[in-house]
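One structure is given below, encoded as structure tokens.
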Amino acid sequence: MDTLADIAFPLRLSLQVAAGATLLTAVFGVSLGYLLAIKRFRGKALLDLLVTLPMVLPPVVTGYYLLVLVGRNGVLGRFMRDSFGVQLSITFTWYAAVLAAFVVSMPLTVKTVRAAIESVDRELIDASYTLGRSEFETAWHVILPLARKGIAAGLILSFARALGEFGATIMVAGNIPGRTNTMPLEIYNAVVFGDWGRAGLIVMLFTVISGAFILAANRLVEVRA
Amino acid sequence: MSISARIVKRVPGFELDVAWDIADELAVLFGYSGSGKSMTLAALAGLVRPDAGRITCNGRVLFDSLAAIDERPQNRPFGYVTQGCTLFPHMTVRGNIEYALRELPRKARPERVDQMATALQLHGLLQKRPAELSGGQKQRAQFARALARRPHALLLDEPFTALDAPIRAEMRELVRQVREEFGMPVILVTHDLYEAYTLADRMIVYGGEGVVRVGTPCELFKDPGTPQIEALLSGERLFMCG
């Protein structure tokens, strides 16, 4: 029973972090996917690169960048202190874990949403314009509804990826029991302390959850095709 | 009621350079495929931006390269129907028609939809999705949607090409009827000579290399002007103009 109580917190924290990260992804990831699919602008290739990079970089490297950016003496931290007199102190809190999970998992949504939006028939978009509907209305009433399965699939993949975030999380949120020890960190802790039973339990839990998410995402994509 | 177009547009391997005017009539835009007929309509609708030129509708300037005027497609007074089905697949027929009625108060929309349904014989189909409609029904629904916001002119880009012959005949009748009922200029792009002959008050023929001939069908048969246009219009001359 002890073991179950021990994994209740990491499980809850992980779900909370992944949900927070997915919420951010739903706003920013979908917007970026739309922007990259529909708009032509200067610096598009650079934006695409920046957004995609966390997908291929080792998460520890992404975590390092985030630390340099939002750490107490990081670029953003100093800017906030000097300009607004505000002490930025999100590192080593669960907010930092959300940030790390968000940055690392967002590219999956951006890529999936971009592909889904690019596959929406251009003539439907033109039709909407000639019917007097603005670009925003067209996005909201035509493009996003027609790309909804791709969007849902992207968000599911991002959620699953956020749930498993380890490298960037340990860099910016640390590994503080009872505060930032998400499930992946807890597996590491359990193994380090030789508690193989607990490690195995969390690993199994993880495998089942992730498998379910992949099945759900596949199902959405199949229905579309 | 008049539309005037002067359009210059270069794309790799092709140059469109045309100028013509029409009054309140049914004008058929006719020519070889690849002569820029569809591009002309897209430029009128504001979906393709000409490199140079001027487009007006009833004296209102919609595009003028010198004056740097380029109305957005949303603000152009045209109904636009294309060959493919551009009904929104996730909305019902009613939803599709209502979608065009942004400027109408919400309460007035259902009534307008019902009017359009009556005019285009869509009753009983309003709750259906586009996927449940036949080809001819789809086109009638697209006409209803394009006409719902009361445009000043109707642009039809080969709207019947994908349909079977008997339905095409029905659709030609529909175009005549729409023109009578809604009383607006219609520009119809087609590569079907029979369709052109039977429908056109005036023909605008693209003969290639910037040659444009405008006239009634009979005028053009009697004096095609260039050998290319003569070739384009040959075949059914006897049968049409005695």
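Under a 5 Å amide H cut-off, with hydrogens placed 1.01 Å from N, B:PHE30 pairs with B:ILE204, B:VAL205, B:TYR206 among residues at least 5 apart or on other chains. Each of A:GLU222 and B:GLU111 was given a label point 7 Å from its Cα along the Cα-to-Cβ line. The distance between the two points is 5.1 nm. Between A:ASP195 and A:SER83, the contour length at 0.36 nm per residue exceeds the alpha carbon distance by 35.6 nm. Close amide H partners of B:THR216, meaning residues 5 or more places away or on another chain with modelled amide H under 5 Å apart, are B:MET203.
Computed from backbone phi, the HN-Hα couplings of segment A:81-96 come to 5, 6, 8, 10, x, 9, 8, 7, 10, 9, 4, 6, 10, 6, 4, 5 Hz, rounded to whole numbers (Karplus: 6.51 cos²θ - 1.76 cosθ + 1.60, θ = phi - 60°; Gly and Pro given as x).
Tell me whether chain A comes out rounded, prolate or oblate; compute the Cα gyration tensor, take square roots of the eigenvalues as a ≥ b ≥ c, and use a/c under 1.5 as the rounded threshold. Taking the square roots of the gyration eigenvalues as a ≥ b ≥ c, chain A is oblate. Placing pseudo-labels 7 Å out from each Cα toward the beta carbon at B:SER4 and B:ASN58 gives an inter-label distance of 1.7 nm. Backbone amide hydrogens, once placed in the peptide plane, bring B:TYR80 within less than 5 Å of B:LEU155, excluding anything fewer than 5 places away on its chain.
Based on the Kirkwood approach, the hydrodynamic radius assigned to chain B is 18.6 Å, with every pair of different Cα atoms included. Convert 10 °C to kelvin, take the viscosity as 1.306 mPa s, use the Kirkwood radius over C-alpha pairs of the protein assembly as shown as Rh, and evaluate the Stokes-Einstein diffusion coefficient in µm²/s, rounded to a whole number. For these conditions, the coefficient is 60 µm²/s.
Scalar couplings 3J(HN,Hα) for segment A:72-80, obtained by applying the Karplus form with A = 6.51, B = -1.76, C = 1.60 to θ = phi - 60°, are 3, 10, x, 4, 5, x, 5, 4, 5 Hz; x denotes Gly and Pro. The length gained by stretching the chain between A:ALA212 and A:GLU135 to full extension, at 0.36 nm per residue less their Cα-Cα distance, is 24.1 nm.
In this structure, A:VAL27 and A:VAL61 have a Cβ-Cβ separation that, at R0 = 35 Å, corresponds to a calculated FRET efficiency of about 0.90.
Restricting attention to chain B, close to 60% of DSSP beta bridges with both partner residues there are antiparallel. Within segment B:38-66, whose backbone N sits under 15 Å from a point 7 Å along Cα→Cβ of B:ALA19? B:52-56, B:64-66, by backbone N distance to the label point. A straight Cα-to-Cα reach below 26 Å connects A:LYS39 with the lysines A:LYS111, A:LYS149, B:LYS9, residues fewer than 8 places away in its own chain not being considered.
Give the calculated FRET efficiency between B:HIS123 and B:GLU173 to the nearest 0.05, with a Förster radius of 25 Å applied to their Cβ-Cβ distance. It comes to 0.85. Secondary structure note: in segment B:35-163, about 60% of the DSSP beta bridges are antiparallel.
Only helical runs count toward this figure. For the protein assembly as shown, summing -39,500 (n - 2.57) over DSSP H runs of n ≥ 4 and dividing by all residues gives -16500 deg cm²/dmol at 222 nm.
A Gaussian network model of chain B, with springs between Cα atoms under 10 Å, assigns the largest mean-square fluctuation among B:SER134, B:SER38, B:SER65 to B:SER134.
In order along segment B:120-134, the Karplus-derived 3J(HN,Hα) couplings, from 6.51 cos²θ - 1.76 cosθ + 1.60 at θ = phi - 60°, round to 10, 6, 10, 4, x, 10, 4, 8, 8, 8, x, 5, 8, 9, 7 Hz, and Gly and Pro are given as x.
In terms of the Cα gyration tensor, with a ≥ b ≥ c the square roots of its eigenvalues, is segment B:108-173 rounded because a/c is under 1.5, prolate because a/b exceeds b/c, or oblate? If you can, show how the numbers build up before the last one.
Details: a/c = 2.10, a/b = 1.31, b/c = 1.61.
It comes out oblate by the Cα gyration axes.
Where a number appears in this text, it was derived from the coordinates with a stated rule and is not lab data. These figures come from a predicted structure and were not determined experimentally. Note that each Cβ is placed from the backbone with ideal geometry, even for glycine, and that neighbours are counted across all protein chains shown.
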